[in-house]
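Visitor: Please read through the structure below; I'll follow up with questions.
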Amino acid sequence: MTAFLYLGQNCRCANRIPDIYSRGNLIVEGAKQLRTFFNVADLSLPVMVEHVGAEWQQGVIIRYQGFPHFHWLQSQTGTGAFWVRDKRYELAPGMGILIAPGVPHRYEPIGNEPWQVRFATFQGSLVDDLQKQMVNSEFVLIEASDALVYERLHETLLTRLGHEPADDLAISAAAYQLLLCLTRHQKQTIDQHQPDFQQYVGPAIAYMQEHLAEDISISQLAAMLSVSTQYLNRVFNRLVQQTPSEYLTQIRISHAKKLLVSQKYLKINVVAEQSGYADPAYFGKVFKKQTGVSPLNYRHWQT
């Protein structure tokens, strides 16, 4: 079937996609429009989409070093398999996943039916702050039962992108609303009213976030909460699907990423120290294990 490319009056050029899609913002295949926009971002705005689309026939993607920005993917028809590091999830119609920057992942269609998806990638000065809303800072999984709210938010975003001339402020507002709902979703699905969350997990997370640059031991944290280290580990695993040590590492590396990008002249040893690592060499090893690249390469990659 022949594919035609619509070059709108307000088209936004793309230089990192296949040639057939370059310099366009709406793909028309036969009588069906594939609403797909590339390289939208206005970096002067606090939150903006870079790439966004729907009815996209998804193929195999492998990202050993992750993607540099938040990436939202939601199944429309067909089913896909999505791996976050070594964990596999199946995305049936309606299900979606928000993957944080720099997290190794891959995904591909499974079964006989083509896999069509909605997608959006986000960047901007507020994006790193929104990552702190995520209890698990690597990804958020959306069940099919919650699909409708995110479909509507995504449709609003697509509608605003389709207006000519485009209203970048309106697009940014729609992008912010979608990303904010996604990053907060996991907090909504974890019952924060559970006694163990209120008494142990919540205070532990708050302390880690406030003191991440300091030398924090899990045994010290458990003692502050008047529980054993083993009990704190069990509660975290049950409610957050991570150990306290894993959570602390993730928020420290997330903070380091922000420093590397926002303060590009800050020395790596200072970034390490401000992120809770007294030894820059050890910081480099942990950072590379978490992101797949060294701190210096990450900075070059992002700036």
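Visitor: Would a scan of region 57-66 turn up a residue that is more than 16 Å from the chain's Cα centre (by Cα) and closer than 23 Å to residue 184 by Cβ?
Guide: Scanning region 57-66 turns up no residue that is more than 16 Å from the chain's Cα centre (by Cα) and closer than 23 Å to residue 184 by Cβ.
Yes/no matrix, rows are residues, columns are (1) farther than 12 Å from residue 82 by Cβ; (2) in a helix (DSSP H, G or I); (3) at pLDDT 90 or above; (4) in contact with a helix residue (DSSP H, G or I) (Cβ under 9 Å, 6 or more places away or on another chain):
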| residue | (1), (2), (3), (4) |
| --- | --- |
| 103 | no, no, no, yes |
| 108 | no, no, yes, no |
| 113 | yes, no, yes, no |
| 118 | yes, no, yes, yes |
| 121 | yes, no, yes, no |
| 125 | yes, no, no, yes |
| 129 | yes, yes, no, yes |
| 133 | yes, no, no, yes |
| 148 | yes, yes, no, no |
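Visitor: Same structure again: For region 58-68, indicate whether the set of residues that are under 30 Å from residue 165 (Cβ atoms) and either modelled with pLDDT of 85 or more or out of contact with any His (no Cβ under 6 Å at 6 or more places or on another chain) (or both) is non-empty. Reasoning before the result, please.
Guide: Filtering region 58-68 for residues under 30 Å from residue 165 (Cβ atoms) gives 67-68.
Now restrict to residues that are either modelled with pLDDT of 85 or more or out of contact with any His (no Cβ under 6 Å at 6 or more places or on another chain) (or both): 67-68.
Within region 58-68, one or more residues are under 30 Å from residue 165 (Cβ atoms) and either modelled with pLDDT of 85 or more or out of contact with any His (no Cβ under 6 Å at 6 or more places or on another chain) (or both).
Visitor: Give me the pairs, please: first residue somewhere in region 267-282 and under 18 Å from residue 299 (Cα atoms) and of a type outside the set (S, T, N, Q), second residue anywhere and at pLDDT 95 or above and not in a helix (DSSP H, G or I), beta-carbon distance under 7 Å, and either six or more positions apart or on two chains.
Guide: none
Visitor: Moving on to the next point. Picking from 259, 248, which residue would you name as being of a type outside the set (Val, Ile, Thr), surrounded by 14 or more Cβ atoms within 10 Å (Cβ to Cβ) and without any contact (Cβ under 8 Å) to a residue 40 or more places away in the chain?
Guide: Working: 248 fails: without any contact (Cβ under 8 Å) to a residue 40 or more places away in the chain.
Residue meeting the stated conditions: 259.
Visitor: Which condition number does residue 243 fail, the rest of (1) crowded, with 20+ Cβ neighbours inside 10 Å; (2) under 19 Å from residue 100 (Cβ atoms) being met?
Guide: It fails just one condition, (1).
Visitor: Among the residues of region 154-165, is any among the small types (Gly, Ala, Ser) and either buried (at least 19 other Cβ atoms within 10 Å of the Cβ) or under 28 Å from residue 124 (Cα atoms) (or both)?
Guide: yes
Visitor: For residue 235, state whether it is farther than 21 Å from residue 97 by Cα and either hydroxyl-bearing (Ser, Thr, Tyr) or outside the structural domain of residue 51 (by TED's automatic domain parsing) (or both). So that I can check it myself, show each step before the final result.
Guide: Numbers: farther than 21 Å from residue 97 by Cα: yes; either hydroxyl-bearing (Ser, Thr, Tyr) or outside the structural domain of residue 51 (by TED's automatic domain parsing) (or both): yes.
When the stated conditions are applied, residue 235 passes them.
Visitor: Inside region 262-300, can you point out the residues that are of a type in the set (A, V, I, L, M, F, W, C) and surrounded by 15 or more Cβ atoms within 10 Å (Cβ to Cβ)?
Guide: Narrowing region 262-300 to residues of a type in the set (A, V, I, L, M, F, W, C): 266, 268, 270-272, 278, 281, 283, 286-287, 293, 296.
Scanning region 262-300 gives 268, 271, 272, 283, 286, 287, 293.
Visitor: A follow-up question, please. Mind checking which pairs have a first residue in region 55-67 that is farther than 14 Å from residue 99 by Cβ and touching a residue at least 60 places away in the same chain (Cβ under 8 Å) and a second that is surrounded by fewer than 16 Cβ atoms within 10 Å (Cβ to Cβ) and of a type in the set (S, T, N, Q), Cβ under 9 Å, 6 or more apart or different chains?
Guide: 55/33; 55/77
Here is a yes/no grid of residues against (1) among the hydrophobic types (A, V, I, L, M, F, W, C); (2) crowded, with 17+ Cβ neighbours inside 10 Å; (3) part of a helix (DSSP H, G or I):
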{"residue": "205", "(1), (2), (3)": "yes, yes, yes"}
{"residue": "215", "(1), (2), (3)": "no, no, no"}
{"residue": "234", "(1), (2), (3)": "no, no, yes"}
{"residue": "239", "(1), (2), (3)": "yes, yes, yes"}
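Visitor: Can you tell me which residue within region 256-296, out of those that are part of a helix (DSSP H, G or I) and small (Gly, Ala, Ser), is modelled with the lowest pLDDT? Step through it out loud before you land on a result.
Guide: We begin by selecting, within region 256-296, every residue part of a helix (DSSP H, G or I); these are 256-262, 268-274, 280-291, 295-296.
Then keep just the ones that are small (Gly, Ala, Ser); that gives 256, 262, 272, 281, 284.
On the way: 256: 90, 262: 81, 272: 97, 281: 96, 284: 94.
Ranking the qualifying residues of region 256-296, first place goes to 262.
The values are calculated or read from the model by the stated rules, or taken from the named source; none is laboratory data. From a predicted model like this one, the values you see are computed outputs, not experimental measurements. All Cβ positions, glycine included, derive from the backbone under ideal geometry; neighbour counts span all protein chains shown.
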